[in-house]
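**Student:** Before I ask anything, here is the structure I am working with.
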Amino acid sequence: MFYAQTPGFEKMIPVGFYGDTFRWFFGIITNCNDPLMLGRAQVRIYGNHPKSEEALESEALPWAQTMIPTTEGGVSGIGKMGRLLPGAKVIGFFLDGDTSQVPFILGAVHSIEDPSPIQLDRLGVTDEKSLTITDRIAKFFIGQSNAEIVHNFFLSSQFSHEHSCAIVGGLTERSGVRIDAGQITSLNEYGIARWKNIETTGNRFNLLKQFAGQRRQDWRALNTQLMFVLYELRTYSYFGLNQFLKATNIEKMTDLFARKYLREQDQTKVDQMVNFAKDALERFS
């Protein structure tokens, strides 16, 4: 029997496979930075992959080829690449039928991202049927200071008290004691994490603006930026969420958040983040 090797996949697909066993799927995009630059995306498929990052890291998910419209050339070097973003809900089918190891994405579907039932339960608002989504989301951002709002937001998102304080420590060093969401540095860095606006793959400031625009929110708002931090942590495995959550002391938690998420390599600044985290640990206990 003859075989065709689909680029980027280890699975060998028989040329004679006619598609008698058709399996379709819904999934969520976790990574679209294809190292082969073929427009592929990694996808976590509902019912086929565990929901939690702990059970199956995003890095281990399969790469799926994507369909392009007939208005594009369809050959190397001609036409545009797909623009799916992490978090997009997609529909597709498996090229290898029952084996279900080689997904192919047909397109994306619209979705509205609401707070989870667990979050709503923890804030005691599940019975408030008259609340709008905006009202419900506002309930997650409570506190007398921006630092306390950061702490409470991640606490409501199922982070521990210590992990929430580690994030407070990192963002305090980055954006000042007030955790200023509107800051713009002379180095073209924006917001509480000083996201860089540089023309490279994975421009995080542009991703922040896209994230805000899709939700009709202001990227300068603290609430928007906190949701974006959470989104990045849960979407991109290279930001080290698994390692961060497994850390058992405030020093290690803060160090991981600083180096993995904030990309800080200056030990003096990391030490300052740890001190801010310990201060938050005492203030918000």
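Each reported figure results from applying straightforward, stated rules to the coordinates on display, with no laboratory input. Small disclaimer: the values here were computed from a predicted structure and weren't measured. Cβ sites come from the backbone with ideal geometry, for glycine too, and all protein chains shown count toward neighbours.
**Student:** Working from the alpha-carbon coordinates of segment 201-285, get Rg over Rh, Rh being the Kirkwood radius.
**Tutor:** With Rg and the Kirkwood Rh in hand, the quotient comes to 1.01.
**Student:** Report, to one decimal in Å, the Kirkwood hydrodynamic radius for segment 142-283 based on all distinct Cα pairs.
**Tutor:** One over the average 1/r among Cα pairs gives 14.9 Å for segment 142-283.
**Student:** Let me ask another. Quick one: if the Förster radius is 22 Å, what FRET efficiency do Glu59 and Trp24 give, using the C-beta to C-beta distance and rounding to 0.05?
**Tutor:** Using R0 = 22 Å, I get an efficiency of 0.30.
**Student:** Taking 21 Å as the cut-off for C-alpha to C-alpha distance, list the pairs among Lys196/Lys260; Lys252/Lys278; Lys196/Lys269; Lys246/Lys278; Lys51/Lys278; Lys51/Lys89 that go past it.
**Tutor:** Lys51/Lys278
**Student:** Another question, then. Fewest to most neighbouring Cβ within 10 Å: what's the order for Thr21, Thr66?
**Tutor:** Neighbour counts put them in this order, fewest first: Thr21, Thr66.
**Student:** Which one, Val270, Gly176, Trp195, is farthest towards the positive end of the dipole of segment 133-285 when Lys and Arg carry +1 and Asp and Glu -1 on their Cβ?
**Tutor:** Working it through, the farthest residue towards the positive pole turns out to be Trp195.
**Student:** Order of Tyr261, Tyr238 from fewest to most other C-beta atoms within 10 Å?
**Tutor:** In increasing order of surrounding Cβ atoms, one gets Tyr238, Tyr261.
**Student:** While we're on this one: Nearest 0.05, what FRET efficiency do Asn206 and Gln158 give at R0 = 22 Å with Cβ-Cβ as r?
**Tutor:** Efficiency, rounded to the nearest 0.05: 0.20.
**Student:** With 10 angstrom as the radius, rank Tyr46, Tyr231 by how many other C-beta atoms surround their C-beta, starting from the fewest.
**Tutor:** Tyr46, Tyr231
**Student:** Return the distance in nm (one decimal) between the two label points of a simple spin-label model at Asp266 and Asn249, each offset 7 Å from Cα along Cα→Cβ.
**Tutor:** Result: 2.6 nm between the two label points.
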